[in-house]
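To start, the structure under review is shown below, and the notes come after it.
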Amino acid sequence: MNNDIIITVEELTACYGERLVLDSISFEVNRGEIFVILGGSGCGKSTLMKHMIGLYKPVAGDIRIDEVSVVASVGADRDALIRKFGVMYQSGALFGSMTLLENICLPLEEFTDLSEEARELIACMKLGLVGLAEFAHHMPSEISGGMKKRAAIARAMALDPEILFLDEPSAGLDPVTAADLDELIIQLSRSLGITFVIVTHELPSIYKVADRIIMLDAKTKKIIAEGKPEELKETTENEWVRDFFNRKGTSAGKGVENG
Amino acid sequence: MSPLQNRAHCEESVLDGALRFKISGHLDAQSVPELWSEVHHALKAKTMASVTVEGSAISYCDGAGIALLVYIRRTARDAGIVVDFHGLEADIADLLALFPEETLASVPVAKLPSWSDLVGRIGKSFSEGLVGIGEQIVFLGEVMAGLFRIIRHPSQLRFKDLMVIVEASGPRALPIVGMLGFLIGLIIAFQGAILMKQFGAEIYVADSSGLLMARELGPLITAIIVAGRTGSAFAAEIGTMKVNEELDAFSTMGLDPVRFLVIPRVIAASFMTPLLTVFAILFGLAGGAVVMLGMGYPLVTYVNRVIAALSPADYVGGLFKALIFGFLIAASGCLCGLRTGEGASAVGHSATRAVVSSIMLVVLADGLFAVLFFYLGI
């Protein structure tokens, strides 16, 4: 068992109904790194992430977190596995009937024996970490989209997971808020040693945060590039990867195929 | 620009099989339809050797205008002719170049349903129906297991959530339940009175409307109101949570949506429906009283008749039915919510399905109860 590898994805094949989305892809995520999953729209980035967190069952292949299978584990194994990661969904997915504080207290309440006072203190600390301390008693409907995403990160961190999965953290945010969010990710990764798995296609954010990336291709349903973003930009053979990093549009026909 | 200048024109001429369109003016969604039929007739009517479009006088062209040009190009191509576009202004030519024939080639052709499709669809919906019934049975099992868990560990129930749902599904429904109960009590008493009067037995209206309200109509109208108000709300709430990925968030946080969302709703609806039913019965009897008073019977006579006619078993049976109705409505509302697909229309669909299936379940259960009570002699 290699202690440096935290997530192993092995020969993962995924389908939506009869449409193949991912074709036998394999990769590994190292402990403590910021790992970014990239690709054009509709190439299966979010699908890949939903498989990694066990929401979808793969057609074939396996995903292991610390050598425990996400696909096959049940009962207590699964509960232990779920405690290892937190997830920030694209829309935030905060529970609409609870305040931000209650949202973050909920996992603490369910999985720990902390007193109410301790729970609220921890929740306030997590909210402070993402800069939302003064919004603790607001409902999710009363705050902006960027705040929801930050609050969702705070909730995902409630139980101090080892891994955070972020689905398009900066999509739909203005550049300043997105940059703040990137800063937050880097800070959390450095100070708490959290492993990040991020799905995105925001180029500035990739350059800023990513330690390593993989790039999915909508056409072949496979990984077309893997490595550090700067290196990939220089060395890649693949035209589409080059276009992506250089923000270059392709001709209309090719754009349709890849998009 | 005056309306006259605004108009678009198309002149077509044929010379030795060479079809020539001269299009001019402002081509937009308002002016194009008229030209379209002209162009269509010209293209269909004539056998042509070549097609030319003279477009130097087109002053403005939007998507509809380009569609007209593309239409000419395509129809001509089907006849094996390449259209010659003459004198198009540069920006219009650029716009046309955005729609090359090859990217438009795959406009889907609507498939006409055939008989074999019909058989396939019947089979598919039947097997889907079976799967749905299976899902419902599994779900009922999960809910029952969840309820037993709560009975054993009451601390697992989230009382705050429960109270919010109780308030929304119980007290807030009182006005509508009371009003409908009163009106229906009034109507059945009135109809009964007309019939009974022929036999001089108006006093029995008290018996009949009392029995009907307590045993059948009270629980049934309450259940229908609860299905429409509360069952659909449950489906819409949970469905919206599904669309917002909140249900995914529950499961990746290791929290059971059945325990968090379904159990409080089932408990709330199961207890609120009988209470609302009591209210409906009371107001129904009040409606009957109004009719009896109108026919000159004193209130005390009516009340005595009702008390004499109804046994405690009638009340208890009616309230027990209401409890089961509430359970069925909440369970099917929550199930429809959890099975919501993607998008906003899926939420509406779930709410509709929740109301339809819960009313159906309620009426089916009512039929079963009628048989059961008959054999038990209640």
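Here, each number is a calculation from the coordinates, and none is a lab measurement. All of these numbers come straight from a predicted model, not from anything done at the bench. Here the Cβ positions follow ideal geometry from the backbone for every residue, glycine too, while neighbour counts run over all protein chains shown.
Below is a table of values for the structure above.
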quantity: Amide N proximity, segment A:63-97 versus A:L55 label position 7 Å along Cα-to-Cβ, cut-off under 12 Å; calculated: A:87-94
quantity: Angle in degrees between helix B:232-243 and the longest Cα principal axis of chain B, rounded to the nearest 10; calculated: 50 degrees
quantity: Options B:G87, B:I359, A:T195, ranked by Cα towards positive dipole end of the protein assembly as shown, top entry (Cβ charges); calculated: B:I359
quantity: Within segment A:1-42, backbone nitrogen closer than 20 Å to the virtual label 7 Å beyond the Cα of B:S127 toward Cβ; calculated: A:15-20
quantity: Label-point gap, in nm, between A:V71 and A:T112 - each point 7 angstrom along Cα→Cβ; calculated: 3.4 nm
quantity: 22 Å Cα-Cα threshold exceeded, pairs from A:K126/B:K242; A:K126/A:K148; A:K50/A:K148; B:K242/B:K321; A:K57/A:K233; A:K50/B:K124; calculated: A:K126/B:K242; B:K242/B:K321; A:K57/A:K233; A:K50/B:K124
quantity: Computed FRET value (nearest 0.05) for B:M295 with B:Q136, which takes r as the C-beta separation and R₀ as 41 Å; calculated: 0.30
quantity: Point-to-point label distance, A:E237-A:K219, nm (Cα→Cβ direction, 7 Å offset); calculated: 1.5 nm
quantity: Segment A:106-259, relative contact order [Cα under 8 Å, separation at least 6], %; calculated: 14 percent
quantity: Cα-based shape type of segment A:9-69, given that a ≥ b ≥ c are square roots of the gyration tensor eigenvalues and the cut on a/c is 1.5; calculated: oblate
quantity: Estimated FRET transfer efficiency when R0 is 51 angstrom, pair B:Q191-B:A346 (beta carbons, to 0.05); calculated: 0.75
quantity: For chain B, built as a Gaussian network whose Cα springs stay under 10 Å, the top-fluctuating residue of B:A227, B:A64, B:A308; calculated: B:A64
quantity: Residues B:L112 and B:L15, FRET efficiency given R0 of 45 Å [Cβ-Cβ distance, rounded to 0.05]; calculated: 0.65
quantity: Residues in segment B:34-58 that a label on B:E101 would reach, taking backbone N under 13 Å of a point 7 Å out along Cα→Cβ; calculated: B:51
quantity: Per-q log10 I(q)/I(0), the protein assembly as shown, q = 0.07, 0.09, 0.11 Å⁻¹ (Debye; single scatterer per alpha-carbon; no solvent); calculated: -0.71, -0.95, -1.10
quantity: Separation in nanometres of the label points that stand 7 Å from Cα toward Cβ, at B:V356 and A:E28; calculated: 5.3 nm
quantity: GNM top mover of A:S73, A:S91, A:S144 - chain A, alpha-carbon springs below 10 Å; calculated: A:S144
quantity: Electrostatic dipole magnitude of segment B:133-198 [Cβ: Lys, Arg +1; Asp, Glu -1; Cα centre; debye, to 20]; calculated: 200 debye
quantity: Cβ neighbours within 10 Å from other chains - mean over B:157-164; calculated: 1
quantity: Check: the protein assembly as shown dipole with +1 on Lys, Arg Cβ and -1 on Asp, Glu Cβ, in debye; calculated: 2020 debye
quantity: Global size of chain B as Cα Rg and Dmax, reported in angstrom; calculated: 34.2, 103
quantity: Estimated D of segment B:30-174 in µm² per second, where Rh is the Kirkwood radius over Cα pairs and Stokes-Einstein applies at 20 °C, 1.002 mPa s; calculated: 96 µm²/s
quantity: Distance histogram for segment A:67-170 (every C-alpha pair counted, 5 angstrom bins, percent rounded to whole numbers); calculated: 2, 13, 23, 23, 18, 11, 6, 2, 0
quantity: Over chain B, relative contact order from alpha-carbon pairs under 8 Å, at least 6 apart, %; calculated: 17 percent
quantity: Listed residues B:S31, A:V29, B:G296: farthest to the positive end of the dipole of the protein assembly as shown (Cβ charges); calculated: B:G296
quantity: Directionally averaged shadow of segment B:337-378, computed from the convex hull of its alpha-carbon atoms, nm²; calculated: 3.3 nm²
quantity: Charge-dipole axis of chain B as Lys and Arg at +1 and Asp and Glu at -1 on Cβ define it, positive-most pick from B:I72, B:M179, B:M241; calculated: B:M179
quantity: The protein assembly as shown: calculated mean residue ellipticity at 222 nm from DSSP helix runs of at least 4, using -39500 (n - 2.57); calculated: -18000 deg cm²/dmol
quantity: For residues of A:84-96, the mean tally of beta carbons on other chains within 10 Å; calculated: 4
quantity: Sequence-distant lysines (8 or more away, or on other chains) whose Cα lies within less than 30 Å of B:K44; calculated: B:K22, B:K111
quantity: Tilt relative to chain A, helix A:145-156 - C-alpha long axis, 0 to 90 degrees, to 10; calculated: 70 degrees
quantity: Charged-residue dipole, Cβ positions (Lys, Arg, Asp, Glu), chain B about Cα centre, Debye nearest 20; calculated: 1700 debye
quantity: Sorted by Cβ neighbour density within 10 Å, fewest at the top, the residues A:K45, A:K84; calculated: A:K84, A:K45
